[in-house]
Amino acid sequence: MRQIRTLLFLLLILLVPAVKVTAHAQEPEKTVSGVVSDNCGPMMEATVYERDSVNHIVSIALTDMEGKFSLRVQDFNDRMEVTYRGYDTVVVPLDTCFYEIKLKALDTPQEVLILDGDASGLIPLNDSAPTPSR
């Protein structure tokens, strides 16, 4: 009787991990992928976010040199945002597995100030202005 009990115990130990692995393998894949581009082609280092219903960032990915990304999604009820400096942000629902996102440049140029080496003033951007003396 003791040998049968030991044999059943060993059999149980061997079957439990197999059941766990099988259950884990049947989970649906929660990864979305895609390509981010603009009018000139693929965009490297565009940021792809998953945001939940209270606007928290849940997961994040960057595009590679070919504009490709792969994002591990926590909840398909969330939304995906794609951002890149100087471009409009694109927000899409997580309702498919592959996305082709085309970003549009902002209509208004962003202002850039250039300071000279000792921060005494602005460097002129046209040729007619005098060059600062040292």
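The values are calculated or read from the model by the stated rules, or taken from the named source; none is laboratory data. Because the structure is predicted, anything quoted here is derived from the model rather than measured. Neighbour counts run over all protein chains shown; Cβ positions are idealised from the backbone, glycine included. Heads up: the accessible areas ignore ligands, DNA and RNA and are worked out on the full protein's heavy atoms, side chains in. Shrake-Rupley method; radii C 1.70, N 1.55, O 1.52, S 1.80 Å.
Could you list, in sequence order, all residues of segment 72-101 that are closer than 14 Å to Val35 by Cα and in a loop (DSSP other than H, G, I, E, B)?
Kept after step one, since they are closer than 14 Å to Val35 by Cα, are these residues of segment 72-101: 80-84, 90, 92, 96-101.
Of everything in segment 72-101, those that are closer than 14 Å to Val35 by Cα and in a loop (DSSP other than H, G, I, E, B) turn out to be Tyr84, Thr96, Cys97.
Pairing each residue of segment 36-61 that is on the phi > 0 side of the Ramachandran plot with any residue that is open to solvent by 30 Å² or more (accessible area, probe 1.4 Å) and part of a strand (DSSP E or B), provided the two are 6+ apart or on different chains, yields C-beta distances under 7 Å for Glu45/Leu62.
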